[in-house]
There are 2 protein chains.
Amino acid sequence: MKKIDFYFDVGSPYSYLAHTQIKKYEKEYSEKVNYMPVLVGGLHKLSGITAPGLIPLKAKYLIKDCKLWADKYKVKYQFNRYFPIRTVNLMRACLIAKQENYFEKFVDKAFYAVWVDSLNMNDEQVFLKFLKNETPDPELFSIKFNDDIIKKELIKRTNDCFEKGIFGVPTFFVNGKFFWGQDRLEFALNEAKK
Amino acid sequence: MKKIDFYFDVGSPYSYLAHTQIKKYEKEYSEKVNYMPVLVGGLHKLSGITAPGLIPLKAKYLIKDCKLWADKYKVKYQFNRYFPIRTVNLMRACLIAKQENYFEKFVDKAFYAVWVDSLNMNDEQVFLKFLKNETPDPELFSIKFNDDIIKKELIKRTNDCFEKGIFGVPTFFVNGKFFWGQDRLEFALNEAKK
C-alpha cells in the first residue's frame, strides 16, 4: 500500500468525520496515515475560495449534512455550537505535539474537543485548559508556542499544500493525486492499492 | 415510498451522474423520480455562490472527481470539452418537452448529448440540430420557444427552488428535506422510506 497523506484542520467538521474513518482504515489495513496539519483559512485565501461555513445557505446545509454522515458512520458527533472556530493556535499546537511525539493522541483529543464535546476553543481560557490537560510539558510547550518558528512552519505547510493544487480540507494525497472530502477516502484507498 | 423531486440542470456534470443513478433506482424500486428543471446559474446568483466550474482550482479538480464517480458507477461519461455550457435554451426546451409529454426521453437525450457525446451546445447550429432530432413537432416547439411564458416559467421554477433553501444542483428534495450532490441519493432514499 502506498502511504496516504491526510491534510486537515481541526476546525473543519468534515476533517473530523474523515479522522473517524481513517481510524477504522488504520485498524483494518494495519497501515498508518500521515497526518498533515494545515490552516484551512489560509488555503481558502490562497485559492480565492469562500469557506462554505461563511456562506449562510451552505453553512445551514452542512450542519445537516455532517449529521447524516456521522449517523451513517455511527460515530459520536455534534456540530460545534461556537462555529466557526479559529484554529490557528490549535494547529500550531498540533505542530509542537508533532515535534514532541505526542501528536497522534493530541490531534485525536483536539478533534473530539471540538466536534464531540463542542468546546469553545475561541475562548482563551477553554483553550489553555485544554493545553494544560493534553501537553506533557506545559513549560516547554509555552516556549515553543511563542516562537516564530512554529508560526512559520504552519504557514509553510499550508503553502506547500496549496502548491499541490489542494484548495480545501479534508484532502487525501497519495501517489501524486489528491482527493477532497471525507467521502473520497475510498478513491484514495483505490489509488494507494495501485 | 415518498416521492423524490430531483432538481437538475443539464449543464451540470454531477446532475448527469445523478441521472444515471436515478435510472437504476427507478428500475430497482419501480418508482418514478420527479424531474425538476432549473437554471443552476440562476440559483448560484440568488445564493451568492460562485460555481465550482468558475473557480480554476475547483474546476480542474471536478473534472477528475466526476471521472472517478463515473468509473465507480460504471456509466458512460466524458467531460464536455466546451464546458461551461450555457444551458438556458436547453432548460427552456426541457420545459416545452414537459408540456408536450416527451420530457423523459428529451432530458435523457440532452444529458447524453452533453456528458457522453460532448456536443458543443453553446454552438447554435449544434443546438438546432439536436432540437430537430429530438422534438416531435419542430414548428410548435419554435412558437413556444420564442414565447415569454416559457422564459418566465424557468425563472419561476428556479426561484421556487431557491425558496426551499436549495443553492445548487443536483439536489434531491423529499419529505420537506433536501440533499445536495449525486452522492447523497442514498440519504434521499432513506428519507423517502420514512
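The values are calculated or read from the model by the stated rules, or taken from the named source; none is laboratory data. If you're wondering where the values come from, they're calculated on a predicted model, not measured in any experiment. In this analysis, Cβ positions are derived from the backbone assuming ideal geometry, glycine residues included, and neighbour counts consider all displayed protein chains.
Values computed for the structure shown
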| read-out | value |
| --- | --- |
| Only listed residue being in a strand (DSSP E or B), at negative phi and surrounded by 16 or more Cβ atoms within 10 Å (Cβ to Cβ), chosen from A:Phe162, A:Phe179, A:Phe111, A:Phe187 | A:Phe179 |
| Count - residues of region A:120-129 that are within 18 Å of the chain's Cα centre (by Cα) and without any contact (Cβ under 8 Å) to a residue 12 or more places away in the chain | 0 |
| Residue list for region A:51-85, restricted to those being among the hydroxyl-bearing types (Ser, Thr, Tyr) and either loosely packed, with under 14 Cβ neighbours inside 10 Å or more than 12 Å from chain B (Cβ to nearest Cβ) (or both) | A:Tyr73, A:Tyr77, A:Tyr82 |
| Residue among B:Tyr77, B:Tyr73, B:Tyr29, B:Tyr61 that is of a type in the set (Phe, Trp, Tyr), more than 16 Å from the chain's Cα centre (by Cα) and more than 21 Å from B:Ala188 (Cα to Cα) | B:Tyr61 |
| Filter result for the condition that a residue is surrounded by fewer than 19 Cβ atoms within 10 Å (Cβ to Cβ), in contact (Cβ under 8 Å) with a residue 12 or more places away in the chain, outside any loop (DSSP other than H, G, I, E, B) and not hydrophobic (A, V, I, L, M, F, W, C), over B:Lys156, B:Lys151, B:Lys132 | B:Lys151 |
| A:Val116 surrounded by 13 or more Cβ atoms within 10 Å (Cβ to Cβ) and within 30 Å of A:Met1 (Cα to Cα) | no |
| Answer residue from region A:153-188, given it is more than 11 Å from every other protein chain (Cβ to nearest Cβ) and acidic (Asp, Glu) and is nearest to B:Ile55 (Cα to Cα) among those | A:Glu163 |
| Options B:Leu39, B:Leu43: the member that is under 23 Å from B:Lys151 (Cα atoms), modelled with pLDDT of 95 or more, within 14 Å of another protein chain (Cβ to nearest Cβ) and crowded, with 17+ Cβ neighbours inside 10 Å | B:Leu43 |
| Within region B:96-108, tally of residues that are touching a residue at least 12 places away in the same chain (Cβ under 8 Å) and either at positive phi or buried (at least 20 other Cβ atoms within 10 Å of the Cβ) (or both) | 4 |
| Candidate set: region A:1-59, residues that are of a type in the set (Phe, Trp, Tyr) and assigned to a helix (DSSP H, G or I); chosen: the one farthest from B:Phe178 (Cα to Cα) | A:Tyr29 |
| Members of region B:101-119 that are of a type in the set (Gly, Ala, Ser) and over 11 Å from the mean Cα position of the chain (by Cα) | B:Ala113, B:Ser118 |
| Criterion violated by A:Asn34 - all others in (1) within 25 Å of A:Gly165 (Cβ to Cβ); (2) surrounded by 18 or more Cβ atoms within 10 Å (Cβ to Cβ) satisfied | (2) |
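Here's the yes/no breakdown for (1) among the aromatic types (Phe, Trp, Tyr); (2) in contact with a Pro (Cβ under 6 Å, 6 or more places away or on another chain); (3) under 20 Å from B:Phe162 (Cα atoms):
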{"residue": "B:His44", "(1), (2), (3)": "no, no, yes"}
{"residue": "B:Gly48", "(1), (2), (3)": "no, no, yes"}
{"residue": "B:Tyr61", "(1), (2), (3)": "yes, no, no"}
{"residue": "B:Lys64", "(1), (2), (3)": "no, no, no"}
{"residue": "B:Val75", "(1), (2), (3)": "no, no, no"}
{"residue": "B:Phe106", "(1), (2), (3)": "yes, no, no"}
